[in-house]
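Here the structure is laid out as structure tokens; the discussion comes afterwards.
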Amino acid sequence: MNKIAQIFETLEYGPAPESPQPALDWLASHGGKFGHYIDGKWTAPGKTFASENPANGKVLAQVTDGTADDVEQAVKAARAAFEGWSALSGYERGKYLYAIARAVQKHSRLFAVLETLDNGKPIRESRDVDIPLVARHFYHHAGWAQHRDRVFPGMVPYGVCGQIIPWNFPLLMLSWKIAPALAAGNTVILKPAEYTSLTALLFAEICDRIGLPKGVVNIVTGEGATGEAMVGHPGIDKIAFTGSTEVGKAIRSATAGTGKGLSLELGGKSPYIVFEDADLDSAIEGLVDAIWFNQGQVCCAGSRLLVQESIEERFLAKLRQRMSKLRVGDPLDKAVDIGALVAQVQVERVRDLVKKGVAEGGELYEPDIDLPKGGGCFLRPMLITDVSPANTVVSEEIFGPVLVEMSFRTPDEAVELANNTRYGLAATLWSENVNLALDIAPRLKAGVVWINGTNQFDAAVGFGGYRESGFGREGGREGMAVYMKQAWEKALKPTAPAKVQKATGTANPLDRAAGAADPIDRTAKMYVGGKQARPDSGYSRQILGPDGRSIGEVGEGNRKDIRNAVEAARKALGWGTTSAHARAQILFFLAENLDYRRKEFADRLRTQTGATAVAADREVAAAVERLFAFGGWADKYDGAVHNPPTRAIAAAMVEPLGVMGIVAPADLPLLGSVALLAPALAMGNTLVLVPSEPHPLSVTDLYQVLETSDVPAGVVNIVTGDAVSLGKVIAEHDGIDALWFCGSAEASTMVEKASIGNLKQTFTTRGLNYDFADREKFEGDYLLARATQVKNIWVPYGA
Ligand code: NDP
């Protein structure tokens, strides 16, 4: 029987190989050896390492290991190119991006084959997913270049961007980074991952061919140390990183206090939830895409399967059956489902984690399917059942073709299990009940939620994580925003440190307060969980007036007070799901009640700072106005509906960050706190607020206004004391999701470094002259954007 007749007989797939030759020819045209692409030229290769084909271990090319000096040259080139590039009109920049998109399309097969050779992913994926999305990103961002100033008035590019990408989607991650950066007017230095540099080098050639001005895109190849040199280089204004959470944290720490822009797209352990009313066959096909797409080496892989108990047995039987039909093989074969993992170390890492999973009691299913003969980094698809949330394989990102499964009984339990992770990148849910699906999606702590679908991506739809999956978005409007800053931010100057009258050492803590003519003592307590609270320390600190005399005492807050405040704030997180209208009403009411006591608050300001009656009255009036302004914003700063080119909509929902810590500025005792508290509350966050250290009495008075304005207990918690040490406690506390810190450059560096435990988002003033009284700057979306994160919920339509 001939081969075709045999195939008809067995209905097996025949081999459908794609030729590697054009890609090998391209590599040969460079002599199989590459330098960097800097300032529009190829450098001579330096010390090199081999880039191998993981499907057969053959060396594809030698790639240069970038040194600190190479990074220096690239920074110089990018800096020199910035002025000209950023001065081009949006239309001119857009035309270059458009030309890149066209060139990627024209050479799409070459890119796809080279990507598959270098990375091991099936050609079906590089050809049909990666490369078309790359082109789509450049087209989409060509439009952003032209409309930047209309959509982002007052914003300017950072300057030189350092971009570091991983090996799982080499060209796609490159496009997610380079397209928005160039559209915004930045110049870039990109470092591909050491395993997969080749398509980035082909991309450099494309840039050359379309005549992109020299120095606008620089590709420096290398290992982790090359990336580290970029992160530490003072000439780089922004770092964009995709990779492991561990390296993401190291980068957060290294950039602390530098004022560099930072966006991090990190790991995940994304839940894939199947409800009993799901279309099970579709959910199985979705699952194949969720966990075996790119051999499971996907940051948003649906690697934690959660199945409703009533259908668990049936669903797992179908799944095992489907797994036994998956085809693992030569990535260049068009009929292969699972290709090679990127490198042998990754294979070993996955095997070790699976061993651990089994040792901890997990039951492993690995179908008896053939692996390609002759080696290569291949693994069969795997499923581990009988696991619990504490197991390593359930909590750790495996980054391989391994699915873990657990069951749940009720939708609430599904949400609880889904959110029981330090990550928050993506989530998938399957249900034919639209009410259930749309109830669950907003409750999942993830930057992307797919309903009845999975692993969908588009340039117009933001992608990025919550929690330890990082911050910042790629794609869409939010993705553009992370490559720009306000023009006025670039002009901020260091401010002279506020003159603080310290009681310690000079005043006797037992001195009677100056207002002591009043026979009834008025003690400013802290405010936690809607109740006045005494400090845990049992100490009070004297608050001095402008003449250095004591005008009152406040509690000396400590770690325990912050812990209590965080607990109260977490209990009050329902504030975030209160209707925006209700939050607006409460902020208006707060403004009304503050206005009612305007004179009293103005007097308090005068006693604390010596401000004139007019200035004090102005500050209170400004605080009232600010509360009004953000009451107005509460139901207006909202999301969008995107139309990706599939039969789906993506609802971009603006969500609060959760519990925010705010350390208010020393000056503007009332307005300084209100200017930060109002946008955070308007967006649904709950707060732990440390008021002005030298002048806290305006805010300790505020709790009475909060109480009379229907602000629910625990939504605002006030802890007084030493701003820097309380700021540190807040930064280190994993129950706090974000920190706004007003203080010196050193203290800002310290809190940014201390924030890496749960990668909380930080906004710090770094000793610069932020003027929160400025309505132009701070009554708009500047702080609203920093008080929120966007979740994109993909909903398919059509029967
Ligand atoms: P890394 O996070 O180490 O690498 C990502 C990129 O950062 C690479 O270009 C890497 O260079 C570079 N890099 C490494 N160390 C530093 C540093 N200190 N400073 C600056 N840049 C640095 O991921 P790995 O490739 O090592 O993969 C390890 C694990 O990370 C995987 O098994 C997987 O679990 C996870 N991962 C997650 C990804 C995601 O998208 N969420 C993507 C990739 C990996 P080089 O390649 O030369 O080391």
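The values are calculated or read from the model by the stated rules, or taken from the named source; none is laboratory data. The structure displayed is predicted, hence computed values, not measured ones. Heads up, the Cβs are rebuilt from the backbone with ideal geometry, glycines too, and the neighbour counts pull from every protein chain shown. Just so you know, the surface numbers come from the protein's heavy atoms only, side chains and all, with ligands and any DNA or RNA stripped out. Shrake-Rupley method; radii C 1.70, N 1.55, O 1.52, S 1.80 Å.
Here are the numbers for the structure shown:
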quantity	calculated
Tensor-based shape of the range 524-667 (alpha-carbon gyration tensor, a/c under 1.5 rounded, otherwise prolate or oblate)	oblate
Residues of the range 358-397: accessible area per residue with a 1.4 Å probe, Å²	49
5 angstrom amide H check on LYS445, placed H, neighbours 5+ away	none
Heavy-atom surface of the range 615-748, accessible at 1.4 Å and reported per residue (Å²)	27
Accessible area of GLU556 in the full protein assembly, 1.4 Å probe (Å², nearest 10)	50
Rounded to whole Hz, the Karplus (6.51, -1.76, 1.60) HN-Hα couplings of the range 476-493, x for glycine and proline	x, 5, 5, x, 5, 4, 6, 9, 9, 9, 5, 4, 5, 5, 5, 9, 5, 10
Over the chain: helical MRE at 222 nm, DSSP H runs n ≥ 4 each giving -39500 (n - 2.57), nearest 500	-12500 deg cm²/dmol
Three-way shape label, the range 191-239, alpha-carbon gyration tensor, a/c 1.5	oblate
Solvent-accessible ranking of ARG304, ARG320, largest area first, probe 1.4 Å	ARG320, ARG304
Beta bridges per DSSP with both ends in the chain, % antiparallel, nearest 5	40
Too-long pairs where the Cα-Cα distance tops 18 Å, listed order kept, from LYS490/LYS777; LYS41/LYS191; LYS191/LYS238; LYS177/LYS260; LYS728/LYS777; LYS531/LYS560	LYS728/LYS777
Two-decimal ratio, the range 90-219, of alpha-carbon radius of gyration to 2.2 N^0.38 Å	1.01
Summed residue charge, Cβ within 10 Å of SER51's Cβ, Lys/Arg positive, Asp/Glu negative	-3
Dipole magnitude of the range 729-799 about its Cα centre (Cβ charges: Lys, Arg +1; Asp, Glu -1), debye to nearest 20	180
Under the Karplus curve 6.51 cos²θ - 1.76 cosθ + 1.60, θ = phi - 60°, whole-Hz ³J(HN,Hα) for the range 381-396, x wherever Gly or Pro sits	x, 10, 10, 10, 10, 6, 10, 10, x, 7, 5, 4, 5, 8, 9, 8
Stretch gain in nm, segment ALA615-LYS356, where the contour uses 0.36 nm per residue and the Cα spacing is subtracted	86.6 nm
Distant-in-sequence amide H partners of GLY639 (H built 1.01 Å from N, under 5 Å)	VAL654
Protein-only accessible surface order, largest first, of SER407, SER197 at 1.4 Å	SER407, SER197
Set of aspartates and glutamates with alpha-carbon distance to LYS355 below 20 Å, sequence-local pairs under 8 removed	GLU363, GLU366, ASP368, ASP386, GLU396, GLU397, GLU405
The range 644-652 - phi-based ³J(HN,Hα) in whole Hz, Karplus 6.51/-1.76/1.60, Gly and Pro as x	x, x, 10, 7, 7, 10, 10, 8, 8
Gyration tensor (alpha-carbon) shape descriptor, the chain, a/c threshold 1.5	prolate
Accessible area, probe 1.4 Å, largest first, for residues LYS599, LYS334, LYS571, LYS560	LYS571, LYS599, LYS560, LYS334
Helical segments meeting 20 Å axial Cα length and Kyte-Doolittle -0.5 threshold in the chain (DSSP H)	68-87, 170-184, 344-359, 580-596, 613-634
Residues whose placed amide H lies under 5 Å from that of THR48, excluding near-sequence neighbours	ASP65
Computed magnitude of the charge dipole of the chain (debye, nearest 20; Cβ of K, R +1, Cβ of D, E -1)	1540
Unit charges on C-beta of K, R, D, E only; dipole of the range 684-761, Debye	160
Relative contact order %, the chain, counting alpha carbon pairs below 8 Å whose residues are six or more apart	12
Charge-dipole axis of the chain as Lys and Arg at +1 and Asp and Glu at -1 on Cβ define it, positive-most pick from THR495, ALA572, ALA591	THR495
